[in-house]
1. Quick check on my filter: what residues within the stretch A:453-469 are of a type in the set (D, E, K, R) and surrounded by 20 or more Cβ atoms within 10 Å (Cβ to Cβ)?
2. Please work out if residue B:158 is outside any helix (DSSP H, G or I), open to solvent by less than 10 Å² (accessible area, probe 1.4 Å), more than 7 Å from chain A (Cβ to nearest Cβ) and farther than 20 Å from residue B:111 by Cβ.
3. What about residue A:90, is it open to solvent by less than 10 Å² (accessible area, probe 1.4 Å), facing chain B (nearest Cβ under 10 Å) and of a type in the set (Gly, Ala, Ser)?
4. For residue B:286, all conditions in the list (1) without any contact (Cβ under 8 Å) to a residue 60 or more places away in the chain; (2) in a helix (DSSP H, G or I); (3) crowded, with 24+ Cβ neighbours inside 10 Å hold save one; what is the number of the exception?
5. Among the strands (runs of 3 or more DSSP E) confined wholly to the stretch B:351-432, which include 2 or more residues that are more than 14 Å from chain A (Cβ to nearest Cβ) and open to solvent by less than 20 Å² (accessible area, probe 1.4 Å)?
6. Quick one: in the stretch B:433-452, which of the residues that are open to solvent by 10 Å² or more (accessible area, probe 1.4 Å) and among the aliphatic types (A, V, I, L, M) is nearest to the other protein chains (Cβ to nearest Cβ)?
7. I need the full set of residues from the stretch B:335-350 which are open to solvent by less than 30 Å² (accessible area, probe 1.4 Å) and either in a helix (DSSP H, G or I) or of a type in the set (Phe, Trp, Tyr) (or both), in order please.
8. Let me confirm something: among B:212, B:203, which residue is modelled with pLDDT of 95 or more, within 19 Å of the chain's Cα centre (by Cα) and facing another protein chain (nearest Cβ under 10 Å)?
2 protein chains.
Amino acid sequence: MSISMPDKALIEQFKAIIGPAHALTDPADIEPYLTENRGLYRGNTSLVLKPASTEEVAAIMKLASQTKTPVVPAAGRTGHVGGHVPRESGTDIVVSLERMDKIRRIDATANYIIADGGAILADVQKAADGIDRLFPLSLGSEGSCRIGGNLATNAGGTAVLAYGNMRNLCLGLEVVLPTGEIWNGLRSLKKDNTGYDLRDLFIGAEGTLGIITGAVLKLFPKPRGHQVAFAATSSPEQALAFFNLASNRCASALTGFEIMARMAFDFTIKHTDGARDPLTAKYPWYTLVDVSTSDSQDAADAMMQSLLEDAFEQGVVEDAVIAKSQSEIDELWHMRNTMSEAQKPEGGSIKHDVSVPVSSVPAFLHEADAAVMKAVPDARICAFGHIGDGNIHYNISQPKGADKAAFLARWGEVNKIVHAIVLSHGGSISAEHGIGRLKRDELADIREPIEIDLMQRIKQAFDPEGIMNPDKVLKSRTTLKDDRS
Amino acid sequence: MSISMPDKALIEQFKAIIGPAHALTDPADIEPYLTENRGLYRGNTSLVLKPASTEEVAAIMKLASQTKTPVVPAAGRTGHVGGHVPRESGTDIVVSLERMDKIRRIDATANYIIADGGAILADVQKAADGIDRLFPLSLGSEGSCRIGGNLATNAGGTAVLAYGNMRNLCLGLEVVLPTGEIWNGLRSLKKDNTGYDLRDLFIGAEGTLGIITGAVLKLFPKPRGHQVAFAATSSPEQALAFFNLASNRCASALTGFEIMARMAFDFTIKHTDGARDPLTAKYPWYTLVDVSTSDSQDAADAMMQSLLEDAFEQGVVEDAVIAKSQSEIDELWHMRNTMSEAQKPEGGSIKHDVSVPVSSVPAFLHEADAAVMKAVPDARICAFGHIGDGNIHYNISQPKGADKAAFLARWGEVNKIVHAIVLSHGGSISAEHGIGRLKRDELADIREPIEIDLMQRIKQAFDPEGIMNPDKVLKSRTTLKDDRS
């Protein structure tokens, strides 16, 4: 291993760029950079660099390029697919954006904010709030995830229905290329048809084409009215019918529509502090509906009231409550946001972040449930997610009392079963978490060769040395060569 | 010229792919494919092919690739930057998608439509309307422009404020690559984070990376309420303040906000059939405000009424009328939509399709007006456009009685003056029309070399033979070589 790691002289050169105080070489300091939340990967590195400016990132990449040193960019390190973990070989150095966490500029008239790649999402939300604007990206990890990572993974979250994912929330980017050159695309224009869309190429590329060091993000007027309801349905079909009703009635005022299987909800009630079932009876499926109105709170209340009246009349909900206060709104969303966390005490969980066309969600759920229960009898399926986006977090908790390791060892097998059903509906095996390492080989398997080939050509064009977050999203050419031998 | 044109044998090979009835070789038949609406370019070709299927397009590109025959894709041929015109050399053949004009599928539950690249925009709008859905892209040329061209140029139009441009309206693409391979990216997913964003790379590439033969487009619930107002303001500053008020009050219900200089409006009143000034006095600037509500017509009426009351109270409008019927709504929009056309009887017009950050629109207009009037005294400035997108069609009609040719000969000089001001505000020299041939050299001048270099690398990676709409957007390598010699 040591043979391929950067040697001491090179490490000193890298350290000199940013000052030794901001370079980590002690294994204890480096430890947090080697892992990810799900415990799927553990990498190695001898150096973590924490630059303070775009110019420092550029100087690091220039040296990396000259010395063919692989670089793994890290932001909030909350990703679910191992994208920010260095390879086990120890050949990679880590460049963390955590010191580049500033809001560079915020403009209420032009409705944009310019943030460093290392700015924490919650800080961007707060800055927007401070000038009476909304930055709508909202995720469970918003207190620690960072804008550069949100962009690199094209983050989704709970507000995609009305505001789109990170791609739709970004106007411009600043990117340090693998060569150390800086692309200044920090434009704040709503319309700009001047050549190829480099911005969207970097967004979602998971740090394999460059390091996003800054971004111009859109801000929105803050809604004046906000209301949330929690409604039970008897089936996914009924939940979908309810969504369609809500979508038609509320149009862009429908700012969230989540679905939760009873099992996921039960785990949340059991394990999340303060969570309680707002309904008196038990139902197989639940939905959480969020509306935001531009004019007034009364309008939001009236809209939700009238939506639920129609929903009962049309028989698309079984029971429902409307939040009576902001704290009830917060409680309902808190249950949804902690749903993944609430699975942990129940043992191992095999996870899927899939999407299908919205109209196919019920069929997907029935088919997947049947196939999974056949393969893993007594599995506890905790499906939940953004039905309005067709995006289901199809998580499977181990059978009660089963051996965790043995259950998790079936991750690949179960993925295959679920993803086959997803693909039969024209769906996606990664709706919002990205590819990283976790789904890299599977992506190559399921996509037509021409698509992978086009991606490889882009990778080669932007990163000819193959040093930029190698072996994520796509197999690096070196790895490809190894495979062949 | 003849030496570089495809020879007879090759022409026969191309004709055989689609059948001779669908290949044009007669100069009279070919004529319409050689020109564009503004009369800026006139190209040459010996062959126009009208394939009927994606497979035929693929076979054409395969042969073109093998024989290094340059191909210019054509859709509705309504572009403003010469992107669909073959080069003067006669070396290029034209592939027209006009026979691929079908709606392949439409789904009201999943809210999407799959259309051929040659489908006419108005037909897509009608198909959506037929299932009680909205396809929001709306342009002056919607009766003849085609989806493939709308995508290739990332078309904008009047509904961008609420629904985004073509990029935001597209879920998936089918593209024939320069090599003749087919990329089937016809996905209908709202969320799909699986590798590099190829879709957005083809969108806006103006046919230089491949031919878009099919697309999955988003549909929306049809608003139940719609209202339009026409309001006069004393200055661009006042118009911007009015826009900000409207944006804050109406949020996503604000579906259009246009600004028009008095001169542009006067020409329209004079030259557009049925156009009339809805206000009694004359004002220097006008705005057209469009709101759409999901719930009811009453809600739209009330929203507009209350918006205008606030606007008068805050002193951000001078006078205003609200449409009293659908036909009055249509009349108001017709005036706006014919504004460019209405300049024609007034002689030559030097055009700019620029954008600046929304908050910079007033400063841009003042500075540009001063600079243009200094350079061309008595020029008649017909500025109008989408103030909410920061996108102004800054068109300059010749002085009364001036020589048209002499005036138009100053196109480049005047562009330079206006674009310098645009760039000083961090703006774009092509907000929605694209680059084509018209702005290709200027793009290379104003962008940092690294940006043009990244685009050239993508072009090279996708089109190594350089046969795909060469010399549009970017100079082809051959042309670059010629320049040097």
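The values are calculated or read from the model by the stated rules, or taken from the named source; none is laboratory data. In this text, all values refer to a predicted model and were calculated from it rather than measured experimentally. No Cβ is skipped: glycine too gets one built from the backbone with ideal geometry, and neighbour counts run over all protein chains shown. Just so you know, the surface numbers come from the protein's heavy atoms only, side chains and all, with ligands and any DNA or RNA stripped out. Shrake-Rupley method; radii C 1.70, N 1.55, O 1.52, S 1.80 Å.
1. A:459, A:463 - these are the residues of the stretch A:453-469 that are of a type in the set (D, E, K, R) and surrounded by 20 or more Cβ atoms within 10 Å (Cβ to Cβ).
2. no
3. Considered against the rule, which asks whether it is open to solvent by less than 10 Å² (accessible area, probe 1.4 Å), facing chain B (nearest Cβ under 10 Å) and of a type in the set (Gly, Ala, Ser), residue A:90 comes out as no.
4. Result: residue B:286 passes all but (2).
5. Correct list: B:380-386, B:391-397.
6. B:450
7. B:335, B:336, B:342, B:343, B:346
8. Sole residue among the options that is modelled with pLDDT of 95 or more, within 19 Å of the chain's Cα centre (by Cα) and facing another protein chain (nearest Cβ under 10 Å): B:203.
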